[in-house]
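*Asks:* Attaching a single structure in structure tokens format; questions to follow.
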Amino acid sequence: MKRDKFTSRARSEGYKARSVFKLKNINNRFRLIKEGNRILDLGAWPGSWSQYCLELKTNVDAVDLVKIKLEGINFIKEDVFSDKLFEKLDKYDVVLSDLAPKTVGIRKIDNEDSFELSMRALEITKKVLVKNGNFVCKIFQSEFFDPFVKEAKKVFRTVKVIKPEASRKRSKEVYVIGIAKRINI
């Protein structure tokens, strides 16, 4: 498969994946992640988002089913749908979710799976994100997109949607940005 400029750039700059440029673009635009923040990175493998957060001098708890080999993070091997996950979590200033379903090629199923992962990320966020904390969540544009944004607007003072430059043009993914979590929901 032909590498695009973001894949080549990620490799040359020592990042684990091209997705780092999506988060960099989001953070440059919205200034969500700051030095000293506690970050929860859901769906963290292969670890480029956690790498970037470490560069910003944050504390990172990274959750995935696949082990991430990255010094400086607290890796939590757990299924995001397991309630046991909450026993391993703290309070966070920022929750990041790059969770993506294992696509099967059937649009309706893939879109529904993306929505379910996004809703679970939002549910986790409601419980662990501090007041005025921020949230970044990937979701596929589909019939489930508007209901997800509607739910996010109940939790955050401001909700924005962005398709970062590093997202592939043909990709249905967009990122919902939740800014300033309201008092406990």
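*Asks:* Kindly provide the Kirkwood hydrodynamic radius of the range 107-154 in Å, to one decimal, from all pairs of distinct alpha carbon atoms.
*Replies:* After inverting the mean inverse Cα-Cα distance, the result is 11.2 Å.
*Asks:* Of Lys67/Lys154; Lys5/Lys160; Lys24/Lys69; Lys5/Lys150; Lys84/Lys153; Lys5/Lys131, which ones are farther than 31 Å apart at the Cα?
*Replies:* Over 31 Å Cα-Cα: Lys67/Lys154; Lys5/Lys150; Lys5/Lys131.
*Asks:* Binning every alpha carbon pair distance of the range 81-179 at 5 Å from zero, what are the percents per bin?
*Replies:* The distribution over the range 81-179 is 2, 13, 24, 24, 19, 12, 5, 1, given as percents.
*Asks:* Using a 10 Å cut-off on Cβ atoms, rank the peptides 36-42, 79-85 from the highest mean neighbour count down.
*Replies:* Those peptides, ordered most packed to least, come out 36-42, 79-85.
*Asks:* Hey, another quick one. Over the range 5-181, what is the percentage of antiparallel beta bridges among all DSSP beta bridges, to the nearest 5?
*Replies:* 40 percent
*Asks:* Moving to a separate point now. Largest first and to the nearest Å, give the Cα extent of the range 65-125 along each principal axis.
*Replies:* 38, 25, 20
Just so you know, all these numbers are worked out from the coordinates, no wet-lab data involved. Since the model is a prediction, treat every value here as computed from it, not as a measurement. Ideal geometry is used to build each Cβ from the backbone, glycine not excepted, and the neighbour counts take in all protein chains shown.
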